[in-house]
Amino acid sequence: MSQERAERLWEIFLHSLWPLLQGMLKYTIPLSIISFGLSLIFALLIALAGLSHQPYLRLPSRFYVWIVRGTPILVQLFIIFYGLPSLGIVLPAFPTVVIALTVSEAAYCSEIMRSTIKSLPQGQWKAGYSLGMSPFQVLRRVILPQAARISIPPLGSQFISLFKTSSLAALVTLPDLFGVAKQIAASTFEPMLLYIVAAGYYLAICSVLTVLQHRLENKFGRYSL
Amino acid sequence: MLKISELHKSFGQTEVLRGIDLHVAKGQTTIVIGPSGSGKSTLLNCLNLLEIPEAGTIELDGLRMTFGEGENKRIRELISYRQKTGMVFQSHHLFPHRTALENVIEGLVVVKRWNRIDATKRGKALLEKVGLGEFIDRFPAQLSGGQQQRVGIARALAMEPAILLFDEPTSALDPELVGEVLLVMKELTREGMTLVVATHEMKFAREVGDRVIFMEKGVISDDGNPNYIFGESRNERVRQFLSRFETGNELASTRISAN
């Protein structure tokens with residue numbers, strides 16, 4: 001590699017750091033946090049419906065999970081962004097990505113929640129009922145606190161995966177971390193450099209998330225010695 | 001004070017309770033014995049309405065519940081009935097995410113809406129009573145099996161139930177831990193609590209029981225005071241069953257070997 005080229009690459013590298021960071025702070029992180037927060041709420045409702053004895057709650061829940069898990073999120077995203085306008089529904093890119101990520105994430109998270117709630121011994125319900133608790137009280141005081149603890153590791157990796165999936169935002173024109181990298185790569189003709197910088201940012205954040213996840217696990221795990 | 005009549009319960013095709021009639025007087029300790037699968041556990045679960053009987057009536061302390069076709073119980077009714085009964089499970093079912101004290105006061109705080117200070121006071125007193133005053137802040141996983149079971153008893157007592165049900169409370173314990181649990185139960189009978197205890201501890205049954213009922217294949221096939229059941233019963237099945245507990249019941253075994 002000539003010294004001239006090395007200098008040019010170094011220059012592009014330095015100049016790309018801040019725009020990429022901006023893309024991450026303005027889009028990648030907010031998209032991930034908002035979508036994950038919303039998806040946890042929906043996931044809990046979908047999981048509870050999926051566990052219900054009532055078919056009119058359980059069947060729609062199972063149907064939803066089936067559809068969402070059986071189709072690629074990229075296709076779902078394109079249906080919302082490029083498909084819905086033909087029905088007269090035009091959504092800006094940011095909400096589109098939030099909706100697509102939430103819809104998909106809620107399905108996966110609900111399956112995690114459903115299986116952890118199911119994995120708790122029946123005796124825990126019995127113990128709650130025997131004290132005269134209502135089903136809702138048993139759920140809130142006995143089942144969910146325990147299920148939350150068990151589901152932290154899988155939900156944590158779900159969030160890490162969501163953080164990376166948010167890069168699909170670039171495909172519906174948002175200048176997120178990946179989107180900015182794409183733009184600069186196109187204008188400088190240095191895709192290798194730019195995508196490696198982008199990968200470095202994703203890796204850095206995911207590493208931090210992994211550490212946080214372990215902390216959370218330890219905090220909630222204190223009763224199971 | 002507890003009257004049940006014509007109680008029936010099936011799981012799928014299997015009829016587990018086939019018409020149970022039983023009256024329990026206040027302050028009485030009723031011991032339920034019988035082979036595994038005889039329906040002891042199901043009977044206790046029905047008495048706490050953790051299982052809903054298909055037919056029959058249960059009357060506890062003036063609250064009468066009738067079961068049968070078209071008698072769908074509303075959850076409110078079940079809850080108010082369950083609050084009158086306490087249950088101690090074979091495998092304790094303590095809440096693993098709460099300390100001993102939190103386990104005991106959970107019902108008081110959540111169901112009876114006591115404030116935390118009063119509930120804590122009562123919880124501490126109850127744990128003291130079952131000999132666990134020093135362990136109030138331990139989590140269940142940090143306690144021995146016998147200690148866990150005693151927390152379970154304190155948790156049930158906290159709700160001041162009219163009747164306390166024990167579903168084989170010592171069957172899951174190491175032999176050396178059985179005594180401490182039975183001691184607490186004995187103390188309760190002395191205080192005049194009304195107990196119904198399913199157990200395989202025949203020595204305990206003889207010493208503490210006011211009355212022993214023998215269950216087999218979903219019916220009560222013999223019923224009497226301990227002297228009668230362990231000594232005089234002419235019921236062949238009872239004597240066969242008791243002969244398996246030779247160390248716990250020398251009397252019955254000598255009678256059988258004498259035959």
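Somewhere in region B:191-205, is a residue in contact with a helix residue (DSSP H, G or I) (Cβ under 7 Å, 6 or more places away or on another chain), more than 28 Å from residue B:4 (Cβ to Cβ) and not acidic (Asp, Glu)? Checking region B:191-205: not a single residue is in contact with a helix residue (DSSP H, G or I) (Cβ under 7 Å, 6 or more places away or on another chain), more than 28 Å from residue B:4 (Cβ to Cβ) and not acidic (Asp, Glu).
When region B:122-146 is examined, which residues are found to be assigned to a helix (DSSP H, G or I), open to solvent by 20 Å² or more (accessible area, probe 1.4 Å) and either in contact with a Gly (Cβ under 6 Å, 6 or more places away or on another chain) or in contact (Cβ under 8 Å) with a residue 12 or more places away in the chain (or both)? Listed by number, the residues that qualify are B:122, B:124, B:129, B:135, B:141, B:145. Here the helices (runs of 4 or more DSSP H) wholly within region A:105-219 that include at least 2 residues being open to solvent by less than 20 Å² (accessible area, probe 1.4 Å) and within 14 Å of another protein chain (Cβ to nearest Cβ) are A:122-130, A:144-165. Hey, residue B:126 hits all of (1) within 11 Å of another protein chain (Cβ to nearest Cβ); (2) modelled with pLDDT of 95 or more but one; which does it fall short on? Of everything listed in (1) within 11 Å of another protein chain (Cβ to nearest Cβ); (2) modelled with pLDDT of 95 or more, residue B:126 misses just condition (1).
Output the residue which, of all residues in region B:62-91 that are out of contact with any Ser or Thr (no Cβ under 8 Å at 6 or more places or on another chain) and not in a loop (DSSP other than H, G, I, E, B), is most open to solvent (accessible area, probe 1.4 Å). Looking at residues that are out of contact with any Ser or Thr (no Cβ under 8 Å at 6 or more places or on another chain) and not in a loop (DSSP other than H, G, I, E, B), I get B:76. Picking from residues in region B:162-173 that are surrounded by 24 or more Cβ atoms within 10 Å (Cβ to Cβ) and either part of a loop (DSSP other than H, G, I, E, B) or of a type outside the set (Phe, Trp, Tyr) (or both), the one that is farthest from the other protein chains (Cβ to nearest Cβ) is B:170. Just checking, which of A:81, A:94 is within 27 Å of the chain's Cα centre (by Cα), among the aromatic types (Phe, Trp, Tyr) and surrounded by 20 or more Cβ atoms within 10 Å (Cβ to Cβ)? It is A:81. Picking from residues in region A:46-78 that are of a type in the set (Ser, Thr, Tyr) and open to solvent by 30 Å² or more (accessible area, probe 1.4 Å), the one that is farthest from the chain's Cα centre (by Cα) is A:56.
Mind checking which residues of region B:150-167 are β-branched (Val, Ile, Thr) and touching a strand residue (DSSP E or B) at 6+ places or on another chain (Cβ under 6 Å)?
Result: B:153, B:163.
Checking each residue in region B:46-61 for being outside any loop (DSSP other than H, G, I, E, B) and either exposed (fewer than 15 other Cβ atoms within 10 Å of the Cβ) or more than 14 Å from every other protein chain (Cβ to nearest Cβ) (or both) picks out B:55, B:56, B:57, B:58, B:59. Being at pLDDT 95 or above, more than 8 Å from every other protein chain (Cβ to nearest Cβ) and open to solvent by less than 10 Å² (accessible area, probe 1.4 Å) is a description that applies to residue B:119. Residues in region B:92-108 that are open to solvent by less than 10 Å² (accessible area, probe 1.4 Å) and either among the charged types (D, E, K, R) or assigned to a helix (DSSP H, G or I) (or both): 7 in all. Residue under question is residue A:88, and the condition is that it be without any contact (Cβ under 8 Å) to a residue 12 or more places away in the chain, surrounded by fewer than 21 Cβ atoms within 10 Å (Cβ to Cβ) and within 14 Å of another protein chain (Cβ to nearest Cβ); does it hold? Taking the combined requirement at face value, the residue does not satisfy it. Being over 20 Å from residue B:96 (Cβ atoms) and surrounded by fewer than 22 Cβ atoms within 10 Å (Cβ to Cβ) is a description that applies to residue B:179. Among the candidates A:99, A:117, A:89, the residue that is farther than 19 Å from residue A:46 by Cβ, out of contact with any Asp or Glu (no Cβ under 9 Å at 6 or more places or on another chain) and of a type in the set (Val, Ile, Thr) is uniquely A:89.
The values are calculated or read from the model by the stated rules, or taken from the named source; none is laboratory data. Treat the numbers as computed from the prediction; the structure is a model and nothing was measured. Here Cβ is always computed from backbone atoms with ideal geometry, including for glycine, and neighbour counts include all displayed protein chains. The protein model used for the area step is the full one, side chains on, heavy atoms only, and it has no ligands, DNA or RNA in it. Shrake-Rupley method; radii C 1.70, N 1.55, O 1.52, S 1.80 Å.
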